[in-house]
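Trainee: Handing you a structure now.
Values in this text are rule-based calculations from the coordinates and carry no lab data. Owing to the predicted nature of the structure, the values given are computational and were not obtained by experimental measurement. We place every Cβ from the backbone using ideal geometry, glycine too, and count neighbours over all the protein chains shown.
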Ligand SMILES: [Zn+2]
């Protein structure tokens, strides 16, 4: 019998803070969590584990970013309206992010006046952020709904497939049939495991990129240039980004 053990991340919610969200492009409420690394046995862990760091998740777009509790005057225990949360947890937010907030104001109201350098940096930022998430995700095999269903299907097929076929066609060789069912089940798991990476990019990366880039209305040329740049720098995400699909998610007004 397999003994499954090792280390796994353990998250503990600390409360809520206000901070700048580079995807929403403004101050937003975040949930802040302590991230620990704890030993587990069959994925059951005890305690909060050794401190790895802190993570803040934007309550508007769901993006998780690295957090620094020292940035905050306090951590609120409940999710208050944003101005109240800023006053309680990050009263210096406007001063700390003054330059960035001025730039974001320009993105919203006068994007044509942005300098070429600022524009390029504003487009590149969300790509670099999401590239780090893709690397993190691809570093391990993650179970997603497709893989889970394939495993459940493979088990059901192996358990019940031979019996069912035998009922319909009693003369079939039972041994070969069980092996065939097992092979089909395993092939389905491999197929879903291979498909899970493009699926992750399509469902979890492109919508976030589209949300962050939409106010900038990037052209197809600008998107292709950043994807090519990431490709040269050997970012794994570069091979997975479909610029046409990203443009479709950006909406009809973008890419003109
Ligand atoms: Zn956000």
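Trainee: Would you calculate, for the chain, the mean residue ellipticity at 222 nm contributed by helices, counting each DSSP H stretch of 4 or more residues as -39,500 (n - 2.57) and dividing by all residues, to the nearest 500?
Mentor: About -16500 deg cm²/dmol.
Trainee: If you don't mind, another one. Within 10 Å, count the other beta carbons around each residue, average over each peptide in 110-121, 181-192, 4-15, and list them highest first.
Mentor: 181-192, 4-15, 110-121
Trainee: Using a 7 Å offset from the Cα along the Cα-to-Cβ direction at both residue 194 and residue 84, what is the distance between the two label points in nm, to one decimal?
Mentor: It works out to 5.4 nm between the two label points.
Trainee: Mind checking the full-extension length gain between residue 203 and residue 52? Use 0.36 nm per residue of separation minus the Cα-Cα distance, one decimal, nm.
Mentor: 51.6 nm
Trainee: May I pose another question? Tell me, what is the FRET efficiency for residue 220 and residue 59 to the nearest 0.05, using R0 = 45 angstrom and their Cβ-Cβ distance as r?
Mentor: Computed FRET efficiency for residue 220 and residue 59 comes out at 0.90.
Trainee: If you don't mind, there's one more thing I want to ask. Return the Rg/Rh value of the stretch 1-109, two decimal places, where both radii are evaluated on C-alpha atoms and Rh is the Kirkwood radius.
Mentor: 1.11
Trainee: If you don't mind, there's one more thing I want to ask. Among 19, 166, 72, determine the one that fluctuates most according to a GNM of the chain built with springs between C-alpha atoms less than 10 Å apart.
Mentor: In this elastic network of the chain, the residue with the biggest mean-square fluctuation among 19, 166, 72 is 166.
Trainee: Please report the relative contact order for the chain, taking Cα pairs under 8 Å with a sequence separation of at least 6, and give it as a percent rounded to a whole number.
Mentor: Here the relative contact order equals 15 percent.
Trainee: Determine the gain in length on full extension of the stretch residue 248-residue 70; use 0.36 nm per residue of separation and subtract their C-alpha separation, reporting nm with one decimal.
Mentor: Once the chain is fully extended between residue 248 and residue 70, it gains 60.1 nm.
Trainee: While we're on this one: When the Cα atoms of the chain are enclosed in a convex hull and the volume is divided per residue, what value in Å³ results?
Mentor: 194 Å³
Trainee: Above 22 angstrom, tally the Cα pairs of the stretch 145-250 and express them as a % of all pairs, no decimals.
Mentor: Pairs farther apart than 22 Å: 52 percent.
Trainee: What nm value, rounded to one decimal, do you get for the distance between residue 139 and residue 124 when each label is placed 7 Å out toward the C-beta?
Mentor: 2.3 nm
Trainee: Neighbouring Cβ atoms within 10 Å as the yardstick, rank 203, 140, 100 fewest first.
Mentor: Fewest to most other Cβ atoms nearby, the residues stand as 140, 203, 100.
Trainee: Could you work out how far the C-alpha centroid of the stretch 102-179 sits from that of the stretch 196-256, in angstrom?
Mentor: Taking the Cα centre of each part, the stretch 102-179 and the stretch 196-256 sit 16 Å apart.
Trainee: In addition: As a footprinting exposure proxy, order 96, 227, 201 by other Cβ within 10 Å, with the fewest listed first.
Mentor: 96, 227, 201
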